[in-house]
């Protein structure tokens, strides 16, 4: 940015010098002149924004080759140049006739072996290879409920398939009631019901859970089946008789014939999945258990060897599957990234070797670029700052960018140190790699501050000053300068809004007291001093009066 300020000064010197020459040639002689001519600007309030600019070529962040990982014959190419593809999308296929058949057969064998061992161990199929063989076989409850008919004790021998126990879920009883077809149209799921038992003084509350309105014959008349469920307080059992009343909205429906409790909600038989010796009985008869709870454990040397052998067989087949899958995956060339196909140089029927490239792909949804920043601007640029880019190919559009990295070391070019600045650009789907981008990095901004043209500021004896035009003529005033860009400078102290400052003059003497050669040049405080005297620069657009 400071180099552009020096550029302004040089341009201003040329313009003012040319203007002075024309002034001397076209206007009356000096003795007839009425006085010097000044370029001025008023101190005003406004907003100030500082940016660092540069140019660079857009490059995709991700660029990848489409490479075959196995030998084979190219069967098909699924994409073409310029096509958009997603990560993992199939790009091309190689042929290997046997791999698919062998892989499917192995996967079926492993699934079957896991299911068989899971039924023996009483664990999910995915856990069978993690079971300790020394723990033996654990027979678990297949459902939640109450254990019945358990007669085993520690040390008892058990044959494969022998009955171990029964599990019944007696928390709920189920009855399939037979209702008159004329009444069933008034019955619906969710309606409450009353079950009257001769054994109890009060009815048991139930609920209708299913309605089958298709009449079926019974003896010499028709009935419809309605399922009623009721919570069991521990006294209800299958086979008990009761009278049913359904509480329909139109009024209670009394079922004439006595009904029967058909079953508990669920019941299952537990059988031994292997031959062995009872090492532990985990429950007692009539004890309530949850699904998966252990019932009986079997052990012994034969049981341990059986488990180890089954586990080993499964692991061996899984290793074979992994090997076959690796070969099969290598026969399918897939895009490693989401992006656009840059080139494809392969055709079906071509022999392909492992590691051979058949094309390339780039991701233009995320692009980056590198610009060079001079040493005067780099101190204001930091990682994470926002930036805007434009390209000449798409006028009127801009894209957001972000500074990712700024070089810590620079290199000298044209007498100034240059530093690399690496940026990432967002939403670059319309852009193409290699386009020249103009970058504007936002550094800082101020709102509603006092502003003067940058060319009005010069340095004298290490102090920032400006020439204020008063009724008595130019007056040099010290000022305190804040934020600056290549056109405007923020005034922190020394001037008031509305004052007139001199930005250029037709004379070499700007001040009424000091000759121009004593001034140190129109540059900002703390920067390089411009060579030569203090020839005033031209007025920036909108800065004159």
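Rule-based calculations on the coordinates, nothing more; no lab input. Please read these numbers as outputs of a predicted model, since none were measured by experiment. FYI the Cβ positions are ideal-geometry reconstructions off the backbone, even for glycines, and counts take in every protein chain you see.
Here are a few things to note about the model shown:
- The relative contact order of the chain comes to 26 percent, based on Cα pairs under 8 Å that sit 6 or more residues apart.
- Put in line by how crowded their Cβ is, counting other Cβ atoms within 10 Å and starting with the fewest, 196, 488, 399 read 196, 399, 488.
- Between segment 254-298 and segment 455-474, the Cα center-to-center distance that results, in Å: 102
- The Cα center of segment 353-408 and the Cα center of segment 183-241 differ in position by 75 Å.
- Averaging the sequence gap over all C-alpha pairs within less than 8 Å and six or more residues apart, then dividing by the number of residues, gives segment 249-299 a relative contact order of 33 percent.
- Percent of C-alpha pairs per 10 Å bin, segment 211-291, short to long: 11, 32, 25, 16, 11, 5, 0
- Per-residue [θ]222 nm for the chain (sum of -39500 (n - 2.57) over DSSP H runs n ≥ 4, rounded to 500): -5500 deg cm²/dmol
- Fraction of the pair-distance distribution of segment 282-404 above 18 Å, Cα-Cα pairs, percent: 79
- With Cα atoms, 0 to 90° folded angle of helix 301-331 axis to the chain main axis: 40
- Degrees between helix 2-26 axis and first principal axis of the chain (Cα, 0 to 90, nearest 10): 30
- By other beta-carbon atoms within 10 Å, ranking 297, 440, 302 with the fewest at the front produces 302, 440, 297.
- Kirkwood-Stokes translational diffusion coefficient of segment 340-480, alpha-carbon pairs, 10 °C, 1.306 mPa s, µm²/s: 80
- Expected-Rg normalisation [2.2 N^0.38 Å, Cα atoms] applied to the chain: 1.92
- Folded to 0 to 90 degrees: helix 97-121 orientation relative to the chain principal axis, Cα: 60
- The relative contact order of segment 88-162, computed from alpha carbon pairs under 8 Å that lie at least 6 residues apart in sequence, is 18 percent.
- As a proxy for reagent exposure, ranking 114, 130 by other Cβ atoms within 10 Å from fewest up yields 130, 114.
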